[in-house]
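The block underneath contains the structure these notes are about, expressed in structure tokens.
The values are calculated or read from the model by the stated rules, or taken from the named source; none is laboratory data. Please read these numbers as outputs of a predicted model, since none were measured by experiment. Note that we place each Cβ from the backbone using ideal geometry, even for glycine, and neighbour counts take in every protein chain shown. Heads up: the accessible areas ignore ligands, DNA and RNA and are worked out on the full protein's heavy atoms, side chains in. Shrake-Rupley method; radii C 1.70, N 1.55, O 1.52, S 1.80 Å.
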Amino acid sequence: MITYDIFDIMMTVKTMEHKRRKRYKGKYPKKYDEKYKELNPDKYPETINKVISKGSTPVGMHIPIMVNEILEFFDIQEGQIGLDCTLGYGGHTLKMLEILNHTGHLYALDIDSIESEKTKQRLIDKGYNEDYLSIIHCNFKDIDKVSNEVGLFDFVLADLGVSSMQIDNPERGFSYKKEGPLDLRLNPNAGVSASQLLQELSMDEIETILIENADEPYAKEIARNIYSYNKSSTITTTTQLTKIIEKTLSKHTKDEVKKSCARVFQALRIEVNKEFDALEQLMDKLPFVLKPNGKVVILTFHSGEDRIVKKAFKEMKNLGVYSDVSRKVIRASKEECYTNPRAKSTKMRWTIRSEE
């Protein structure tokens, strides 16, 4: 007969019930995986509110931008059919679902399989199952295929910004501020990483990408050093690329270096994910997925995106496809920019499909 010491049994049960979190240095956690409170917003709402009140975004979250302006323009009515081209954390989607009030239907697209599954569960927990919401794993350039399956839309939203969850997670390699693999793919299961892309490009091609995708003023110098480094080694991490940029611009101010780092990472992200090509396809297909008088809002975050949207809206308006377009860019309020600094660069444009 096997016997067990009662103390051993009690310690085993206790260990199974509670596993200590890895301790961190200092008063506050600094690394992404140490910020367990921010990564569990439903469990620690006080921490979340405290972080937001200081003008920061909790890690693992994304605060939706210009919600009031978007909803005011859409003037959503119960029973309508809508589309969110960029689901992300689901902030905009949730607000639109609340107005639909368990009527009509909302479709949402996202190519990031990792985050879309998390968002789907959050929205289900709030009472929005497949009767009211359909999440489709695809790029918004395929909006026509979606419409062919489900019909035309009363309103369409496209928030072109990268979600905070992607930027904050160092494993995704989106930020020059955090050590991680130089990846930058919105869909980590498709395409090539930024690291691999840089190995395949010539010096001139790198320079062109930095200029066309981010208007980088020091594109030639940075491209030369990236190419030179890759000839003898391989840039595999965000830190390696950041150090190359810092060394290239060693005689410039810290602020200039930071801005160039941000632009270089932006340019590579756009190239890796073929974002301009996808946006141009979206703009071409938008009129054909809208009901008469259907409304569109697009949020852009840099000049390249805004130029594409502005040009497409204007051309379609001149052809009579759209009955009206926003005359000027709409910006986030000062109050919103204070509580959510990532809203500062946002440009909102809207259009309305003609009745014919």
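According to the square roots a ≥ b ≥ c of the eigenvalues of the Cα gyration tensor, what is the shape class of the range 190-309, taking rounded for a/c under 1.5, prolate for a/b larger than b/c otherwise, and oblate for the remainder? All intermediate terms of the calculation are to be shown ahead of the outcome.
Numbers: a/c = 3.01, a/b = 1.98, b/c = 1.52.
Verdict is prolate for the range 190-309.
Charged side chains reduced to their Cβ positions (Lys and Arg at +1, Asp and Glu at -1) give the range 195-237 a dipole of some 260 debye around its Cα centre.
With the simple model of a label 7 Å out from the Cα in the direction of the Cβ, E356 to T339 spans 4.5 nm.
Charge dipole of the range 285-351 (Cα centre as origin; +1 on each Lys and Arg Cβ, -1 on each Asp and Glu Cβ, all else neutral): 120 debye, rounded to the nearest 20.
At 20 °C and 1.002 mPa s, grab the translational diffusion coefficient of the range 148-257 from Stokes-Einstein with a Kirkwood Rh over Cα pairs, rounded to a whole number in µm² per second.
Working: Rh = 15.7 Å.
Estimated via Stokes-Einstein, D reaches 136 µm²/s.
Distance between the C-alpha centres of the range 283-356 and the range 112-167: 19 Å, rounded to the whole angstrom. Computed from point charges on the beta carbon alone (+1 for Lys and Arg, -1 for Asp and Glu), the dipole magnitude for the range 222-356 about its Cα centre is near 500 Debye.
Between I211 and K328, the FRET efficiency estimated from the beta carbon spacing at R0 = 30 angstrom works out to 0.65.
Let a ≥ b ≥ c be the square roots of the eigenvalues of the Cα gyration tensor of the range 258-350; is it rounded (a/c under 1.5), or, if not, prolate (a/b larger than b/c) or oblate?
On the way: a/c = 2.54, a/b = 1.41, b/c = 1.80.
Note, shape of the range 258-350 comes out oblate.
Cross-link partners of K177 among aspartates and glutamates, defined as those whose alpha carbon lies under 14 angstrom from its own and excluding same-chain residues fewer than eight positions apart: D168, E246, D255.
For H252, the accessible surface of its heavy atoms amounts to roughly 70 Å² (probe 1.4 Å, protein chains only, rounded to the nearest 10). Taking a point 7 Å out from the Cα of K220 in the direction of its Cβ, the residues of the range 173-205 whose backbone N falls within less than 18 Å of it are 202-205.
May I ask which of K145/K178; K231/K254; K118/K178; K141/K220; K285/K334 have a Cα-Cα span longer than 26 Å here? Write out the running numbers ahead of the final one.
Values: K145/K178 37 Å; K231/K254 28 Å; K118/K178 23 Å; K141/K220 32 Å; K285/K334 34 Å.
Where the Cα-Cα span goes over 26 Å, the pairs concerned are K145/K178; K231/K254; K141/K220; K285/K334.
Taking each residue as 0.36 nm, the span from T234 to N187 lengthens on full extension beyond its C-alpha to C-alpha distance by 14.7 nm.
Which FRET efficiency, nearest 0.05, do M203 and E280 yield, Cβ-Cβ r, R0 25 Å? Present the calculation step by step, with values, prior to reporting the outcome.
Numbers: r = 27 Å, r/R0 = 1.07.
It comes to 0.40.
Run the accessible area of the range 113-238 with a 1.4 Å probe and give the carbon-and-sulfur part as a rounded percent.
Working: 2750 of 6050 Å².
That share works out to 45 percent.
Close amide H partners of L290, meaning residues 5 or more places away or on another chain with modelled amide H under 5 Å apart, are F153. Classify the range 97-174 as rounded, prolate or oblate, taking a ≥ b ≥ c as the square roots of the eigenvalues of its Cα gyration tensor: rounded when a/c is under 1.5, otherwise prolate if a/b is larger than b/c and oblate if not. Judged from the Cα gyration tensor, the range 97-174 comes out oblate (a/c at least 1.5, b/c at or above a/b).
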